[in-house]
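Chemist: Please find one structure pasted underneath; my questions will follow.
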There are 2 protein chains.
Amino acid sequence: MFENMETPRLILDRGRLIKNSRLFMERAKELGVKLRPHLKTPKSVEVGKIAKDGDMTGITVSTLKEAEYFANNGFSNIMLAAAITPNKFARVKRIFEASGQQIILATDSLWVANEAVSYATANDCDLAFVIEVDCGEHRSGLPYDSTELIEIAQVLSAGDRTHFKGIMTHGGHSYLAGERSEVVKVAESERHAVTHAAKRLSDLGIECEIVSVGSSPTVLWAEHLDGVTEARAGVYLFWDLMQYALNVCELDDIAVSVLATVIGHNRGAKTIVIDAGALAISKDIGANKNLPDAKYGYVCDASTLERIGTLSVDAVYQEHGIIPVDDDAMFELLPIGSMVRILPNHTCITAAPYDSYTVIEGDKIIGEWSRIGGW
Amino acid sequence: MFENMETPRLILDRGRLIKNSRLFMERAKELGVKLRPHLKTPKSVEVGKIAKDGDMTGITVSTLKEAEYFANNGFSNIMLAAAITPNKFARVKRIFEASGQQIILATDSLWVANEAVSYATANDCDLAFVIEVDCGEHRSGLPYDSTELIEIAQVLSAGDRTHFKGIMTHGGHSYLAGERSEVVKVAESERHAVTHAAKRLSDLGIECEIVSVGSSPTVLWAEHLDGVTEARAGVYLFWDLMQYALNVCELDDIAVSVLATVIGHNRGAKTIVIDAGALAISKDIGANKNLPDAKYGYVCDASTLERIGTLSVDAVYQEHGIIPVDDDAMFELLPIGSMVRILPNHTCITAAPYDSYTVIEGDKIIGEWSRIGGW
């Protein structure tokens with residue numbers, strides 16, 4: 001189906017994307033929360049529209065460039081989940097002026113909250129915030145029982161032009177979990193952290209409109225989300241080998257793959273060379289902890305996306321990928337000029353350098369969807 | 001000097017770039033070869049112009065997108081050093097039609113050579129080739145003593161519209177060398193492979209206009225390049241921690257760094273969080289083999305680019321970088337909102353997602369230079 005197409009190329013299976021999207025819409029409904037898809041993974045308006053079946057309200061992003069792109073393309077209620085700093089306030093203001101969208105910012109810093117109050121007043125603009133709390137990943141966010149949490153909420157609530165919206169956390173340590181029971185515990189730690197933080201503020205008369213948790217594994221396997229208003233997750237839209245290694249998805253749920261061409265045979269070294277390397281697949285090897293044969297990605301049939309034997313991409317150079325083969329018959333099966341597809345370790349990182357997706361439905365190419373990158 | 005700039009941002013020190021460029025121009029002169037800079041590292045017209053002090057003839061690229069970009073911007077004699085396959089011939093033809101530039105393609109495949117002859121005739125276009133030989137890296141290329149080498153040269157020479165230009169190799173295993181004497185050996189293996197291949201063809205009456213070797217370490221340390229016509233190298237333009245770890249450059253030769261903002265303090269975990277992570281710095285950890293404290297990159301003062309204590313970026317998430325600090329004084333030295341610069345492991349990969357360089361000269365910002373990415 002890809003005959004004579006130029007490679008490397010990012011392929012998106014629309015049917016799988018729709019199936020994954022529906023799974024999480026249903027999960028959110030079961031859990032009684034709103035779904036706020038994290039569009040840092042797809043970075044695409046077309047994918048964002050599918051994520052909630054046409055509903056373009058309530059999304060998460062990781063950069064202001066993504067916020068700007070989605071705001072300018074009709075999305076609303078956009079949360080930037082990485083902590084903001086004052087050098088980025090001016091762009092937040094510009095996004096509002098251009099699109100009318102008030103991006104919901106995240107902070108865990110009293111200094112930033114005070115700067116926001118000053119900036120908003122001095123620059124005649126509004127700034128909306130959630131406070132990030134740490135639920136055990138220890139990457140970012142305040143302890144839910146910290147004094148600073150209350151101080152930040154008070155500062156933001158008191159500001160004429162700052163708007164306190166609520167509490168968020170990210171249980172990213174669910175990616176390190178070995179089994180489902182551990183993910184369930186992380187999900188409960190997310191819920192516990194945000195609901196306790198919200199309760200402390202509520203006791204002081206500060207209400208949280210947003211009480212937000214999420215990572216794909218925890219949203220999928222949380223036992224309940226009582227007291228939470230919304231769930232954020234992103235990689236579930238596409239899945240990848242890292243999530244497969246966590247048993248959160250099946251191989252045939254993975255919606256994104258890299259189409260590559262066999263550009264060389266090295267019969268002496270018993271390797272096949274493809275034109276997808278460190279830039280086209282990425283150097284992420286996150287899946288290997290639980291799936292040691294993932295290497296830089298599974299090598300699959302270009303049409304069926306079934307893995308070819310036990311082939312993986314074993315080494316990557318900037319534009320070369322190396323596939324060891326233990327059977328000379330593979331050179332006949334995969335002649336120079338033939339194509340393969342690579343299932344990625346970590347879709348968010350693999351997809352990053354591409355300008356677009358080549359979208360397939362069944363065995364047909366149905367379009368090219370643009371996506372953004374950079375900052 | 002970067003006050004209130006948005007981050008992450010790629011910073012290029014023009015003075016260092018010029019110094020690095022001159023070093024290799026002088027090296028090539030000493031070795032009696034032409035220099036064919038590999039512009040897969042900078043992917044920028046402005047940098048490409050500096051690489052040979054205004055001479056825009058004779059460059060190397062790794063993708064057809066780079067070839068197209070440089071051809072459309074006045075560069076000529078462009079070699080695409082990654083093996084071509086027939087699905088890319090149409091774009092080679094389009095590049096010629098748009099720019100008048102005949103991209104020099106690489107192959108190590110008799111099948112591709114035959115396809116090229118057919119395509120060129122059927123499509124009324126010309127295709128120029130070098131043959132890639134393997135000098136010991138065992139990534140790609142034919143053994144210099146192989147029969148197929150001669151067959152390919154004969155096929156390409158016999159084609160009415162195909163043009164055989166010569167031989168090339170890449171001693172990429174110089175990056176694995178532990179010390180200078182090993183790099184010297186790799187340099188000699190490059191020279192040996194291409195000159196012997198060229199001699200075999202010359203004995204059959206097939207002359208090689210191009211006899212090409214190169215990697216930054218081997219060009220720097222080769223004892224001589226007798227019989228070679230040109231040297232290809234790229235990372236020397238910018239250098240990085242991997243090259244520093246090989247003792248090929250000094251820290252203050254590294255011309256590219258990532259400007260990042262401190263976005264969080266995690267006093268419990270004793271970490272500082274910055275807004276440069278897996279996308280802004282890359283997941284390349286290639287320098288760590290010889291420089292174990294490189295981690296994802298050295299953390300440096302934003303103004304001076306001097307390393308701050310022994311700080312490194314220890315972990316990366318999509319848009320977060322984590323810097324462990326063993327001294328609480330670091331939280332005072334690097335408050336939230338302050339900036340740092342990160343020296344990268346592998347510049348070629350780190351630079352890839354950026355649309356532009358913020359160019360500095362001494363302590364002044366002198367411009368923003370665009371660069372390309374993707375395919």
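The values are calculated or read from the model by the stated rules, or taken from the named source; none is laboratory data. Source: prediction; values computed, not measured. A quick note on method: Cβ atoms are made from the backbone with ideal geometry, for glycine too, and the neighbour counts reach across all protein chains shown.
Chemist: Which ones in the range B:335-367 are of a type in the set (A, V, I, L, M, F, W, C) and without any contact (Cβ under 8 Å) to a residue 24 or more places away in the chain?
Modeler: Across the range B:335-367, there are no qualifying residues.
Chemist: Identify the residue in the range B:261-274 that is surrounded by fewer than 21 Cβ atoms within 10 Å (Cβ to Cβ) and either under 14 Å from B:Ile11 (Cβ atoms) or of a type in the set (Gly, Ala, Ser) (or both) and, among all such residues, is nearest to the other protein chains (Cβ to nearest Cβ).
Modeler: Checked the range B:261-274; the qualifying residue nearest to the other protein chains (Cβ to nearest Cβ) is B:Ala269.
Chemist: Test B:Asp252 against the criterion of being more than 14 Å from chain A (Cβ to nearest Cβ) and out of contact with any strand residue (DSSP E or B) (no Cβ under 8 Å at 6 or more places or on another chain), and give yes or no.
Modeler: Yes, satisfied.
Chemist: Looking only at the range A:325-375, filter to residues that are away from chain B (no Cβ under 12 Å) and acidic (Asp, Glu); which one of those is surrounded by the most Cβ atoms within 10 Å (Cβ to Cβ)?
Modeler: A:Glu361
Chemist: Please pick out the residue among B:Lys65, B:Lys19 that is surrounded by fewer than 21 Cβ atoms within 10 Å (Cβ to Cβ), within 11 Å of chain A (Cβ to nearest Cβ), within 18 Å of the chain's Cα centre (by Cα) and part of a helix (DSSP H, G or I).
Modeler: From the options B:Lys65, B:Lys19, the qualifying one is B:Lys65.
Chemist: Under the condition of being among the β-branched types (Val, Ile, Thr) and farther than 24 Å from B:Val316 by Cα, which residue from the range A:44-62 is surrounded by the fewest Cβ atoms within 10 Å (Cβ to Cβ)?
Modeler: Checking each candidate, the answer is A:Thr57.
Chemist: Based on this model, can you work out whether A:Lys40 counts as at pLDDT 95 or above and in contact with a Cys (Cβ under 9 Å, 6 or more places away or on another chain)?
Modeler: So A:Lys40 fits the description; yes.
Chemist: Which one is nearest to A:Lys283 (Cα to Cα) among residues in the range A:202-261 that are of a type in the set (Phe, Trp, Tyr) and part of a helix (DSSP H, G or I)?
Modeler: The qualifying residue nearest to A:Lys283 (Cα to Cα) is A:Tyr244.
Chemist: Restricting to the range B:94-116, give me the number of residues that are of a type in the set (Lys, Arg) and in contact with a strand residue (DSSP E or B) (Cβ under 8 Å, 6 or more places away or on another chain).
Modeler: 0
Chemist: Looking at the range B:175-196 only, could you name the residues that are touching a residue at least 60 places away in the same chain (Cβ under 8 Å), part of a helix (DSSP H, G or I) and either closer than 16 Å to B:Ala81 by Cβ or not aliphatic (A, V, I, L, M) (or both)?
Modeler: B:Tyr175, B:Arg180, B:Ala193, B:Val194
Chemist: I would also like to ask the following. Only one of (1) closer than 28 Å to B:Thr261 by Cβ; (2) assigned to a helix (DSSP H, G or I); (3) within 14 Å of chain A (Cβ to nearest Cβ) fails for B:Thr41. Which number is that?
Modeler: The number of the failed condition is (2).
Chemist: Only one of A:His163, A:His138 is in contact with a helix residue (DSSP H, G or I) (Cβ under 9 Å, 6 or more places away or on another chain) and within 14 Å of another protein chain (Cβ to nearest Cβ); which?
Modeler: Just a single option satisfies the conditions, and that option is A:His138.
Chemist: Which of the residues that make up the range A:1-16 are assigned to a loop (DSSP other than H, G, I, E, B), modelled with pLDDT of 95 or more and surrounded by fewer than 21 Cβ atoms within 10 Å (Cβ to Cβ)?
Modeler: Matches in the range A:1-16: A:Phe2, A:Met5, A:Glu6.
Chemist: Could you check the range B:72-95 and list, in sequence order, the residues that are touching a residue at least 60 places away in the same chain (Cβ under 8 Å) and more than 11 Å from chain A (Cβ to nearest Cβ)?
Modeler: B:Met79
Chemist: Those residues that are closer than 18 Å to A:Thr261 by Cβ and at pLDDT 95 or above, I need them from the range B:119-139; list them, please.
Modeler: B:Tyr119, B:Leu127, B:Phe129, B:Glu132
Chemist: Which one is surrounded by the fewest Cβ atoms within 10 Å (Cβ to Cβ) among residues in the range A:275-301 that are under 20 Å from A:Leu12 (Cβ atoms) and at the interface with another protein chain (Cβ under 10 Å from one of its Cβ atoms)?
Modeler: Of everything passing the filter in the range A:275-301, A:Asp284 is surrounded by the fewest Cβ atoms within 10 Å (Cβ to Cβ).
Chemist: Contact list please: Cβ distance under 9 Å, first residue in the range B:56-71 and without any contact (Cβ under 8 Å) to a residue 12 or more places away in the chain, second residue outside any loop (DSSP other than H, G, I, E, B) and surrounded by fewer than 21 Cβ atoms within 10 Å (Cβ to Cβ), pairs at least six apart or on different chains.
Modeler: So the pair list comes out empty.
Chemist: Regarding the range B:226-243, can at least one residue be identified that is surrounded by 21 or more Cβ atoms within 10 Å (Cβ to Cβ), in the same structural domain as B:Ala128 (by TED's automatic domain parsing) and among the polar types (S, T, N, Q)?
Modeler: No.
Chemist: Any residue at all in the range A:153-161 that's within 21 Å of B:Arg267 (Cα to Cα) and touching a residue at least 12 places away in the same chain (Cβ under 8 Å)?
Modeler: Yes, the conditions are met somewhere in the range A:153-161.
Chemist: If I go through the range B:216-225 residue by residue, how many of them are closer than 27 Å to B:Ile360 by Cα and surrounded by 24 or more Cβ atoms within 10 Å (Cβ to Cβ)?
Modeler: Going through the range B:216-225 one residue at a time, the tally reaches 2.
Chemist: In addition: Considering only residues that are touching a Ser or Thr at 6+ places or on another chain (Cβ under 7 Å) and assigned to a helix (DSSP H, G or I), which ones fall in the range A:46-62?
Modeler: Of everything in the range A:46-62, those that are touching a Ser or Thr at 6+ places or on another chain (Cβ under 7 Å) and assigned to a helix (DSSP H, G or I) turn out to be A:Ile50, A:Ala51.
Chemist: In addition: List the residue pairs whose Cβ atoms are under 9 Å apart, where the first residue sits in the range B:96-118 and is more than 14 Å from chain A (Cβ to nearest Cβ) and in contact (Cβ under 8 Å) with a residue 24 or more places away in the chain, the second is part of a loop (DSSP other than H, G, I, E, B) and of a type in the set (S, T, N, Q), and the two are 6 or more positions apart or on different chains.
Modeler: From the range B:96-118, the pairs are B:Phe96/B:Gln102; B:Ser99/B:Asn73.
Chemist: Still on this structure, I have one more. Could you pull out the residue among B:Val273, B:Val211, B:Val256, B:Val262 that is in contact with a Gly (Cβ under 6 Å, 6 or more places away or on another chain), outside the structural domain of B:Met168 (by TED's automatic domain parsing) and at pLDDT 95 or above?
Modeler: Exactly one residue qualifies, and that residue is B:Val273.
Yes or no, residue by residue, for (1) in contact with a His (Cβ under 9 Å, 6 or more places away or on another chain); (2) within 19 Å of A:Met1 (Cα to Cα):
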position	(1), (2)
A:Leu259	no, yes
A:Ile263	yes, yes
A:Gly268	yes, no
A:Thr271	yes, no
A:Ala278	yes, no
A:Ile285	yes, no
A:Ala294	no, no
A:Arg307	no, yes
